[in-house]
Amino acid sequence: MSNDSDYCTEICRQTFRYRGRIFTPEEILDGQLESCLAEDSQRPDQWSELDAFLRDWFSASPCMKVQTSGSTGTPKQMLVEKRRMICSAVATCRFFHLHEGQTALLCMNLKYIGAKMMVVRALTANLELVLCPTLSGRPLHWLQQDIDLAAMVPLQLYDTLQQDAEQLGRVRILLIGGSAVEEDLVQQIQDLPTAIYSTYGMTETLSHIALRKLNGPHRSQYYTPLEGISLSGDSDGRLVISAPQLTASPLLTNDLVTFRADGSFRVEGRADNVIVSGGIKLQIEKLEEKLAGHLTYPYAITFVRDAKFGQKVVLLIEEPPTQSIPEKELEEIWKQINQSFEKYERPKALLLTKHIPLTENCKRQRRACQELAEQDKKRMFVKEK
């Protein structure tokens, strides 16, 4: 798609497929889609949001607003070009060989780019869109049909494995995005027939620009960029994305990566998620990775300002809502910390909290975690000074 006329032609040719019916852009803009399902007892919770998105999509404006997740700062709105969203959708549909008559599941909040792009993929490849009746941690609980493409956040996958694991057999391809997938969760999906991929991307790249297979014989620790994506690293090891069809100029990220000769890459952490404790730089994601499988409670690594260390590493642990963690269990946690970390890496304090601050798509809110630790310094259980 090289120019605005190509984009306009593409939009005009698109139709929306839902429950065996096909709606044209004119019918959607005239309100026929909304009228058709106004009396539907099975009308999904997100129906109004979807109708508004489709009206915006088929409007004369070449751009639309999207919102960032806010995992590293305050959520913000961006204005993006629809033609670039189509290019992103085409790349994904080509990678998975999606075609007319297949199905796509929408089970994430339409406020964010991941859900919006699922709709655009359905429009671009003439897929039948299937909507979750309600947004929840169990997006497949109600499912009674096979799905070719679905996308979830890790929390949804976790809850599905606990309560609706057999339903995953109905999904052919599952994309997991929004936050990192912990290794213990990866281990639970190895024998599933569903092809499950971790996605790499952000709002600025209009969803993912690279994919990593999480299960099966082709499982990998490295992301493979999609067609048309050129990647490099700057002098500090931060990833630089060049994707002319998606962004007007190269995008410098804060993600620290290592490359292989074939162009695939591994994310090692974020340049802005570094704790400097006693003059030693510690990557927050690396510390959290070492705790994977050892803690049964939600947790996060953060820090507080400290006269001795400059920044003191703190482990936040979310307590169960109905009971406190026994002191004996806390001692066992410190034992695990001593075994998992080098001495200079170990958290110097532990803070029990009612909740770990998360974004709506389940990423740890780093700034909010640090602020929480600073505010509750007096309640910390200090093990090392």
Show the residue pairs meeting these rules: Cβ distance below 8 Å; 6+ apart or different chains; first residue within region 316-331 and under 24 Å from Ile284 (Cα atoms); second residue open to solvent by 100 Å² or more (accessible area, probe 1.4 Å). Glu318/Lys354; Glu318/His355; Glu319/Lys354
From (1) touching a helix residue (DSSP H, G or I) at 6+ places or on another chain (Cβ under 9 Å); (2) open to solvent by less than 70 Å² (accessible area, probe 1.4 Å); (3) not in a strand (DSSP E or B), pick out the condition that doesn't hold for Val314. (3)
Just to be sure before I move on: is Val276 at pLDDT 95 or above, surrounded by fewer than 20 Cβ atoms within 10 Å (Cβ to Cβ) and assigned to a strand (DSSP E or B) in the structure I sent? no
Scanning region 170-227 for residues that are acidic (Asp, Glu) and either part of a loop (DSSP other than H, G, I, E, B) or closer than 13 Å to Phe96 by Cα (or both) gives Glu182, Asp191, Glu227
Just need a number here: residues in region 356-375 that are in contact with a Leu (Cβ under 9 Å, 6 or more places away or on another chain) and open to solvent by 40 Å² or more (accessible area, probe 1.4 Å). 3
Residue, least open to solvent (accessible area, probe 1.4 Å), within region 120-167, restricted to residues that are of a type in the set (S, T, N, Q), within 28 Å of Met64 (Cα to Cα) and within 20 Å of the chain's Cα centre (by Cα): Gln156
Residue count for region 18-57, restricted to those that are in a helix (DSSP H, G or I) and either open to solvent by less than 90 Å² (accessible area, probe 1.4 Å) or at pLDDT below 90 (or both): 19
Since Thr247 meets every condition but one in (1) polar (S, T, N, Q); (2) without any contact (Cβ under 8 Å) to a residue 24 or more places away in the chain; (3) assigned to a loop (DSSP other than H, G, I, E, B), which condition does it not meet? (2)
Across region 204-225, the tally of residues that are in contact with a Ser or Thr (Cβ under 7 Å, 6 or more places away or on another chain) and either surrounded by 20 or more Cβ atoms within 10 Å (Cβ to Cβ) or basic (Lys, Arg) (or both) stands at 10
Looking only at region 321-341, which residues are of a type outside the set (Phe, Trp, Tyr) and surrounded by 10 or more Cβ atoms within 10 Å (Cβ to Cβ)? Ser324, Ile325, Glu329, Leu330, Glu331, Glu332, Ile333, Lys335, Gln336, Ile337, Asn338, Ser340
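What are the residues in region 335-356 that are more than 17 Å from Arg379 (Cβ to Cβ) and either β-branched (Val, Ile, Thr) or in contact (Cβ under 8 Å) with a residue 24 or more places away in the chain (or both), if any?
The first filter runs over region 335-356 and keeps only residues more than 17 Å from Arg379 (Cβ to Cβ), leaving 335-346.
Listed by number, the residues that qualify are Gln336, Ile337, Ser340, Phe341, Tyr344, Glu345, Arg346.
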Going by the conditions given, is Lys111 modelled with pLDDT under 95, open to solvent by 30 Å² or more (accessible area, probe 1.4 Å) and closer than 19 Å to Pro139 by Cα? yes
Please enumerate the residues belonging to region 81-99 that are surrounded by fewer than 20 Cβ atoms within 10 Å (Cβ to Cβ) and assigned to a loop (DSSP other than H, G, I, E, B). Phe96, His97, His99
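The values are calculated or read from the model by the stated rules, or taken from the named source; none is laboratory data. The shown structure was predicted, so the numbers you read here are calculated from the model rather than taken from an experiment. Glycine gets a Cβ as well: all are built from the backbone with ideal geometry, and neighbour counts include every protein chain shown. These area figures cover heavy atoms from the full protein model, side chains too; ligands, DNA and RNA do not enter into them. Shrake-Rupley method; radii C 1.70, N 1.55, O 1.52, S 1.80 Å.
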